[in-house]
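The values are calculated or read from the model by the stated rules, or taken from the named source; none is laboratory data. Note that the coordinates shown come from a computational prediction; the quantities given were computed from them, not determined experimentally. Because the Cβ atoms are built from the backbone with ideal geometry, glycine has one as well, and the counts that use them run over all protein chains shown.
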Amino acid sequence: MLLTQEQLAEAMGVTVGTVSKWENGNCVPDINTMMDLADFFNLSMDALVGYSMVSKRVDDIIEESFELYREHRLDEAREHLDKAVVRYPNDVKILRRAGSVYYISWYQDNKNEDFRNRAIELFNRALRILADSPENKIDEIAILKQLALLEKDNEKQIEIIKHINVDGIYDDLLGEIYWHQGKKEEALACYTKKFHFSVLDATDVAGHMLDYFFSNKKYKELLELYQWVEQTVAGLMLSDKPSYLTRYVAMIKTCEAICYELIGNHEKMMSEIALAIEKAKAFDADPVYDIYTNVRFVYGTKKDLPVAYDDKDGNTVLGIKQIVDEIYSTGDLGFTKKELQAIKRVQEYIVKLINN
């Protein structure tokens, strides 16, 4: 029996997207649906389960295409995926991968229109399937981004990007489109926002990695990471004026101080804590929470000024104490008794300087 995914979906009372997931191995039907499928195809359950295992071939095809892509063998990758599209015409993973390879081919080959048109065709086919699977919004957003890059009409490009620009993730792309339209101020505003939020993101990621470095006792590596973050942040600061980055530096130096104490450099711990408290007091005396005030590299229109937030107390001095308290009291980092004593010394030194 030869059926399209649409026909099987209708027969089973499910969406085309669900059938596609069964076929590519992303999920399997529940036992009741398995029994219905076996009856529908007049197969035993053993035979049906065997067919489900064969469908894992989709993942192999995707991996093989990635290998060709990594080796810059785009001609072979396109041929490989064209065959896969014929075999799995409604598989979103195959369609996305094929569309991406055709997009890269168009980008590299002097904007070859055949490649461009093929990429658009494949992406649009994937979107039509995803319309039956509203849970797959991430796939849809990724496809729409690439369709925007393939679009020649600037206004349509902007419309697509604005539709998917959640939390400004594509502000840099939007800025590029504005720039080519001659809308310099709008472009610079997009670039500025993306640039400064990228710095914030790097700082946040470093913070999220604390547990990894502490639990694996990689104190020197953590120190190097925070020194890099501090240098990056400091490069944006105007030395004589407080900004939201002043608060960040206070917190960064606190983490550096803990590392110094853990590797046995007590003098350096004290100097870093002293600098952290100095920065914290400077910020608390004249707090600035919007991201663009008293920092470098701010350009374009300044509408809807973004504001910085963190998870520490409003008072920055108390915030740096809170950082050390939380690290000391976290029970799953595997600190030895000696290491806990080192962190305790950092706590005590902070309290001493605060009370002076």
Selection count where residues are closer than 22 Å to Leu81 by Cβ and in contact (Cβ under 8 Å) with a residue 40 or more places away in the chain, scope region 119-159: 10
Glu272, sole failed condition from (1) in contact (Cβ under 8 Å) with a residue 24 or more places away in the chain; (2) closer than 26 Å to Asn294 by Cα; (3) of a type in the set (D, E, K, R); (4) buried (at least 19 other Cβ atoms within 10 Å of the Cβ): (1)
Test Ala285 against the stated conditions and say whether it is under 30 Å from Tyr191 (Cβ atoms) and either of a type in the set (A, V, I, L, M, F, W, C) or in contact with a Pro (Cβ under 6 Å, 6 or more places away or on another chain) (or both). no
Scan region 250-257 and give yes if some residue there is part of a helix (DSSP H, G or I), of a type in the set (Lys, Arg) and over 13 Å from Ile350 (Cα atoms), otherwise no. no
Restricted to region 275-284, and to residues that are more than 28 Å from Phe335 (Cα to Cα) and hydrophobic (A, V, I, L, M, F, W, C), which residue is surrounded by the fewest Cβ atoms within 10 Å (Cβ to Cβ)? Ala282
What do you reckon, is Tyr248 crowded, with 20+ Cβ neighbours inside 10 Å, in the same structural domain as Lys303 (by TED's automatic domain parsing), within 24 Å of Glu339 (Cα to Cα) and touching a residue at least 24 places away in the same chain (Cβ under 8 Å)? no
Taking region 309-356 and keeping only residues that are free of Cβ contacts under 8 Å to residues at least 40 places away in the same chain and among the small types (Gly, Ala, Ser), one is left with Gly314, Ser329, Gly331
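To keep it simple, each residue is scored yes or no on (1) of a type in the set (A, V, I, L, M, F, W, C); (2) exposed (fewer than 12 other Cβ atoms within 10 Å of the Cβ); (3) in contact with a Leu (Cβ under 7 Å, 6 or more places away or on another chain).
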{"residue": "Thr254", "(1), (2), (3)": "no, no, no"}
{"residue": "Cys259", "(1), (2), (3)": "yes, no, yes"}
{"residue": "Pro287", "(1), (2), (3)": "no, no, no"}
{"residue": "Arg296", "(1), (2), (3)": "no, yes, yes"}
{"residue": "Val307", "(1), (2), (3)": "yes, yes, no"}
{"residue": "Gly314", "(1), (2), (3)": "no, yes, no"}
{"residue": "Leu318", "(1), (2), (3)": "yes, no, no"}
{"residue": "Lys337", "(1), (2), (3)": "no, yes, no"}
{"residue": "Val346", "(1), (2), (3)": "yes, no, no"}
